[in-house]
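Below is one structure, written out as C-alpha cells, with a few remarks after it.
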2 protein chains.
Amino acid sequence: MAKNKIPDLPGKTVERLSQYRRVLYNSIEEGKTNIYSHELAKMMNLTPVQVRRDLMLIGYSGSQSKGYVIKDLIALIGQIIDSEEGEKIAVVGMGNLGRAITSYFTGKREKLSIAAVFDNDPQKTDRIISGVPCHHVNQLKEVIQKENIQIAVLTVAPEATHNVAKMLLDAEIKGILNYTSVPLTVPENVHLEEYDIVTSLEKLAFLVKK
Amino acid sequence: MAKNKIPDLPGKTVERLSQYRRVLYNSIEEGKTNIYSHELAKMMNLTPVQVRRDLMLIGYSGSQSKGYVIKDLIALIGQIIDSEEGEKIAVVGMGNLGRAITSYFTGKREKLSIAAVFDNDPQKTDRIISGVPCHHVNQLKEVIQKENIQIAVLTVAPEATHNVAKMLLDAEIKGILNYTSVPLTVPENVHLEEYDIVTSLEKLAFLVKK
DNA sequence: TGGAAGTTGATATTTTTTTCACAATGATAA
DNA sequence: TTATCATTGTGAAAAAAATATCAACTTCCA
C-alpha cells in the first residue's frame, strides 16, 4: 500500500472518510467482514455511487462478489487521514462547551489526543479537567510549543476570540477549529474550520420554514 | 409549494446569511451604518464577489458609493431566514454537550428558542436546566406536539441515537441537528444536518498532516 | 455450459458553487 | 465639464461535487 503518498482529496471526501471508518467499526463489531457499497451508502445516507467514487479516489479496490474488506478499508483510511506519530490538540476555553468537547473526545481516537486545555480563570487552571492538564492562557505559547501541539479548538467567549486566535498563531499552531461566533482570518498556511451552532440551527430553521 | 417570496437559495448561501447578520450586528455596535462588500468579505474570510453574489440572490441592492445599508440588510436577512412566529427547538440528551448547547444558545436569537429539553435520567428530569424545562424522554412526543416544536438537537449517547430519532420522527419533527457520532436516515420531508466533532477534528488533522 | 443477477470501477454528464471579467454608476476633484 | 476612482451587479467561465450510465467481472443456478 502506498505510504506517504497522500492523494489530493476533495474536502468533502475527507469528511466522509472519517465517517466511513466510524460506521465500518460498527459493522466489524456486528461480525461483518465484508461490505457492499450500497450497504455503506445506506448507513451513511449516501448513494452507492458516491461511496464507490470516494473509495476509488483513495485507490481502494473491492471485489465484485464480496464487496469491500472492512478491515483493509479501515486500515487504508487510517493511513490516509491519520498521521503516523499522532497529533496533539489543545482546547482553549473551559466553559461548558470546552468541557463537553474535552470529555466527549478524550480516548475516542488513537492518533488524536487532547494534550492540554487552557482557561483564564485561576480557579480552573493548574489542575486536571477531564483527564487533561488545564493551564492558564498566558502559558499558551509555552505549552503548545513544548508539547508540539498542532491543532487548537477555540471555545472562548466572543470578546476574547481575536486575542486568543492571535496567541495561537503566535505559537505557530497549524489548524484551528473555531466554535465561537466570531469569524476568524488566518494566514494561508494555517487551516481553519468555522463552526457555529447558531448558524446550523438557523439554516435548519430556514429549511423547515420553507 | 413555493411560499411567499422565499427565493430558492443555495444551501451555502443560507449558511452565510446567518453569519453575515452576526458580523453586521457587530458593525452596528461599532457605530457603522454602511458597509462595502470588501469589508464584509474581509470579516467573513470570503471574496467580495461572493458577498455581492449572495446579496444579489436575496435581492438586496446597495449603492456604488456607500455600499450596503447595514440595518436594511439585517432586516432583509431576518425576513428570509427567520420565521414570523418564531420556531421552537428541543434538545434531547442533557449530557455535557446538551447542557453546553442549551446554555450557550438560550437568548441568542429572538425567533429561535429552546422550548424543552429531554433526558432519560430521572435525576435530571422534571426540573429546570439552564432556564428550560427538562422532561423525561418518554414524554417526548407529547411535549413536542403540545409545544409545537419543529426542530430537535440530538446529543444522546450513540447507542440511544436510533431509538430517539425514531421517536422524534414519530412526533413529526421537521428538522434534526445530529451531534451524535451515529449517522441517521430520515424521510424526505425531514431536514437533517449531521455534525460530528470527531469528524471535523480528523479533517483538520488530515489537512495539517499534508 | 450458458445465462441471469448483482456488483465494482470508471467515464460521462449534470448540478451546484465559486470565481472572473467588466459594464454601469455615482462621487470627487481638477 | 471631464477625467479618475472605487464600487456594485451580473453574464460567463471555471471549479467542485454529485449523479448517471454502463462495460466487465463473479457467482450461482438451471
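What to note about this one:
- Exclusive hit being touching a residue at least 40 places away in the same chain (Cβ under 8 Å), open to solvent by 50 Å² or more (accessible area, probe 1.4 Å) and not aromatic (F, W, Y), set B:K66, B:K88: B:K88
- Filter result for the condition that a residue is away from DNA strand D (no atom under 16 Å from the Cβ), at pLDDT below 95, buried (at least 19 other Cβ atoms within 10 Å of the Cβ) and of a type in the set (V, I, T), over B:I81, B:I114, B:I6: B:I81
- Subset tally (residues that are near DNA strand D (Cβ under 7 Å from one of its atoms) and under 25 Å from the mean Cα position of the chain (by Cα)) for the stretch B:35-48: 2
- Within the stretch A:85-114, tally of residues that are over 18 Å from A:I176 (Cα atoms) and among the acidic types (D, E): 2
- Scan of the stretch B:184-208 for residues that are open to solvent by less than 20 Å² (accessible area, probe 1.4 Å) and either closer than 26 Å to B:E147 by Cα or assigned to a loop (DSSP other than H, G, I, E, B) (or both), ordered by number: B:L184, B:V190, B:D196
- Filtered by the rule that a residue be of a type in the set (V, I, T) and more than 11 Å from chain A (Cβ to nearest Cβ), the stretch B:107-148 gives B:V117, B:T125, B:I128, B:I129, B:V132, B:V137, B:V143, B:I144.
- Test: residue in the stretch A:54-73 that is among the polar types (S, T, N, Q) and assigned to a helix (DSSP H, G or I): no
- Where a residue in the stretch A:24-50 is within 12 Å of chain B (Cβ to nearest Cβ) and its partner, wherever it lies, is away from DNA strand C (no atom under 14 Å from the Cβ) and of a type in the set (D, E, K, R), with Cβ under 8 Å and at least six apart: A:M44/A:R16; A:N45/B:E194; A:L46/A:R16
- Annotation: of all residues in the stretch A:41-50 being assigned to a helix (DSSP H, G or I) and more than 8 Å from DNA strand C (Cβ to nearest atom), the one that is least open to solvent (accessible area, probe 1.4 Å) is A:A41.
- Residues satisfying the stated conditions in the stretch B:91-100, i.e. open to solvent by less than 10 Å² (accessible area, probe 1.4 Å) and at pLDDT below 95: B:A100
- Among (1) open to solvent by less than 70 Å² (accessible area, probe 1.4 Å); (2) farther than 22 Å from B:Y195 by Cβ; (3) more than 8 Å from DNA strand C (Cβ to nearest atom); (4) away from chain B (no Cβ under 12 Å), the one test that A:K71 misses: (1)
- Among (1) under 18 Å from the mean Cα position of the chain (by Cα); (2) open to solvent by less than 70 Å² (accessible area, probe 1.4 Å); (3) basic (K, R), the one test that A:K32 misses: (1)
- Reported count of residues in the stretch B:137-152, each being out of contact with any helix residue (DSSP H, G or I) (no Cβ under 6 Å at 6 or more places or on another chain) and under 21 Å from B:A100 (Cβ atoms), is 2.
- Single match in B:L17, B:L57, B:L76, B:L9 (criterion: more than 10 Å from chain A (Cβ to nearest Cβ) and within 16 Å of DNA strand C (Cβ to nearest atom)): B:L57
- The set of residues in the stretch B:150-172 being outside any helix (DSSP H, G or I) and either open to solvent by 50 Å² or more (accessible area, probe 1.4 Å) or within 11 Å of chain A (Cβ to nearest Cβ) (or both) consists of B:Q150, B:I151, B:A152, B:V153, B:T155, B:A157, B:E172.
- In the stretch A:62-71, the condition of being of a type outside the set (S, T, Y), more than 16 Å from DNA strand D (Cβ to nearest atom), modelled with pLDDT of 95 or more and within 24 Å of A:K12 (Cα to Cα) is met by at least one residue.
- Restricting B:Y104, B:Y179 to those that are within 12 Å of chain A (Cβ to nearest Cβ), open to solvent by 50 Å² or more (accessible area, probe 1.4 Å) and of a type in the set (F, W, Y) reduces the list to B:Y104.
The values are calculated or read from the model by the stated rules, or taken from the named source; none is laboratory data. The model shown is predicted, which means the values in this text are computed figures rather than measured ones. We place every Cβ from the backbone using ideal geometry, glycine too, and count neighbours over all the protein chains shown. Calculation scope for accessible area: heavy atoms of the full protein, side chains included, ligands and nucleic acids excluded. Shrake-Rupley method; radii C 1.70, N 1.55, O 1.52, S 1.80 Å.
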